[in-house]
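Working notes, structure below.
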Amino acid sequence: MEGDFIKINKWLLPLSWCYGLVVKLRNFLFETGALKSRSFTVPVIAVGNITVGGTGKTPHVEYLVDLLKNQFNVAVLSRGYKRKSKGFIIAQQDTPVHEIGDEPYQMKQKFPSVTIAVDKKRCHGIDMLMDNDSKLDVVLLDDAFQHRYVKPGVNILLVDYHRLIIYDTLLPAGRLRESLDGKDRADIVIVTKCPKELKPMEYRVITKAMHLYPYQRLYFSTLEYDALKPVFTKEHGMKALSDMKEYHTLLLTGIGSPKQLEHDLSPVIADITPMTFSDHHQFRKKDVALINETFEAMPSPKCIITTEKDVTRLKCADGLSDEVRKNIYMLPVRIVFMQDQEQTFNQQIIGYVRKNSRNSILAKGKGENKSDDSDYSGNRPRTISFRNN
């Protein structure tokens, strides 16, 4: 299956070398202090990747939100990719998707009580969030691993199992945004979208091949899907994937890596017709017409399955036929940690936020224990290191 995901154009390698020099220079300027990275008094956790395409950023950010929201005052800051607005915006329940982007919109609908904000300038966005809420406990930066103007306390790098960065190369020949050295900035590396049947030997091979440092922790996660939810009507109710075996299904996606979804659904849905658009695609009249025509021509029983992110844009699309609206379902996705790593990951994240929150720092300044050997501040060298299993 890796051959479907990793394709390197050798003819473009000279351009990749030129691109690599530019990226290396940029990183050098940050490492020498010519370009400045800012730290903040509020804990900051950055989630991102060094590849083009989907690695599962949104479900992992949502996992962090769900993990932290009941204990801490959480805010998520995204750049709001492809939004039609500018500057800093805090999302409200009725903020339209084009004002904040599809991923922040999705998170706001899922977590209405959590602060979701967008700002292309992340330092400015964090300042605004801190000014807006003096009790803010933690900021989650979505898609910010390479935004080096912010120095996060915890840097989480996501790596697609099907396109491991150790076998890839720089743009434009491959899909790496920067060289493999970039992974050294990560405090946590998560290999995402792993097959559920991954064998112990494969864990060991990947762990060794990643060549991580002692200060870095390696985790593995996989995707799990919940019951299908109707998008426009509740007439048919929710459907279990196990009930879809006989359906002719139009798989409608505008995400970074749709092949994984098709691969996961193939064992439970006999007949899948993929209709793939680019990531964050805005559905226009010709797209809607194609969806209507394709679905009408399909034999019964039939349905359309799409992603949570695509739903945010499909709801704004005009002209979907009544049949499409009645039979289109959203497939909710969530991440699950493998190898019984969930508790370890949760403790690492919660421990960092608890020990580095502004309230904790103020309390220490008033005389509480200022030395804690288990402290995970996110700054190297650390007083504790993690070994990869």
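The values are calculated or read from the model by the stated rules, or taken from the named source; none is laboratory data. Given the structure is predicted, the values throughout are model-derived calculations rather than measurements. Cβ: placed from backbone, ideal geometry, glycine included. Neighbour counts: every protein chain shown. Note: accessible area is taken over every heavy atom of the protein model, side chains too, but ligands, DNA and RNA are not part of it. Shrake-Rupley method; radii C 1.70, N 1.55, O 1.52, S 1.80 Å.
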Query raised in the report: Beyond 15 Å, what share of the Cα-Cα pairs of the range 101-153 remains, rounded to the nearest whole percent?
Result: 50 percent
Query raised in the report: For the range 44-148, what is the convex hull volume of the alpha-carbon atoms per residue, in Å³?
Result: 92 Å³
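Based solely on its DSSP helices, what 222 nm [θ] is calculated for the chain when runs of n ≥ 4 H residues each add -39,500 (n - 2.57) and the sum is averaged over all residues, nearest 500 deg cm²/dmol?
-9500 deg cm²/dmol
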Query - Whole-Å distance, taken between Cα centres, linking the range 67-112 and the range 138-214 - result: 25 Å
Query raised in the report: For Asp181 and Lys10, what is the calculated FRET efficiency with R₀ set at 25 Å and r taken between the beta-carbons, to the nearest 0.05?
Result: 0.70
Query raised in the report: So in the chain, what percent of DSSP beta bridges are antiparallel if you round to the nearest 5?
Result: 20 percent
Report summary line: Taking every C-alpha to C-alpha distance in the range 139-224 and binning by 5 Å from 0, the per-bin percentages run 3, 12, 24, 24, 20, 12, 4, 1
Query raised in the report: Could you give the semi-axes, largest first, of the ellipsoid that matches the range 36-92, computed as the square roots of 5 times the alpha carbon gyration tensor eigenvalues and rounded to whole Å?
Result: 19, 17, 15
Report summary line: Cα-only Rg/Rh for the chain with Kirkwood Rh rounds to 0.97
Requested in this report: For the chain, with all protein chains present and a 1.4 Å probe, just round the carbon and sulfur fraction of the accessible area to a whole percent.
Outcome: 52 percent
Query raised in the report: Got a number for the accessible area of Val205? Probe 1.4 Å, square angstrom, nearest 10.
Result: 80 Å²
Report summary line: Quick tally, 1.4 Å probe accessible area for Asp271, Asp287, sorted with the most first, runs Asp271, Asp287
Query raised in the report: To the nearest 10 Å², what's His263's accessible area with a 1.4 Å probe?
Result: 80 Å²
Query raised in the report: What accessible surface, in Å², does a 1.4 Å probe find on Met210, ignoring ligands, DNA and RNA and rounding to the nearest 10?
Result: 0 Å²
Query - Per principal axis, descending, Cα span of the range 184-235 in whole Å - result: 54, 27, 11
Query raised in the report: Dipole of the range 166-257 (Lys/Arg Cβ +1, Asp/Glu Cβ -1, origin at the Cα centre): which of Val191, Pro214, Gly237 lies farthest to the positive side?
Result: Pro214
Report task. Hey, could you get me the Stokes-Einstein D for the range 161-275, Kirkwood radius over alpha-carbon pairs, 10 °C and 1.306 mPa s, rounded to whole µm² s⁻¹? Result -> 93 µm²/s
Query - Accessible area expressed per residue, the chain, with surrounding protein chains retained (probe 1.4 Å, Å²) - result: 49 Å²
Query - Relative compactness, the range 275-331, computed as alpha-carbon Rg over 2.2 N^0.38 Å - result: 1.05
Report task. Work out how much length Tyr81 to Gln339 would gain on full extension: take 0.36 nm times their residue separation and subtract the Cα-Cα distance, in nm to one decimal. Result -> 89.5 nm
**Report entry** Compactness of the range 227-266, expressed as Rg and Dmax over alpha-carbon positions, Å
**Finding:** 11.5, 31
Query raised in the report: On full extension of the chain, what length is gained from Thr276 through Thr32, given 0.36 nm per residue of separation minus the C-alpha to C-alpha distance?
Result: 83.5 nm
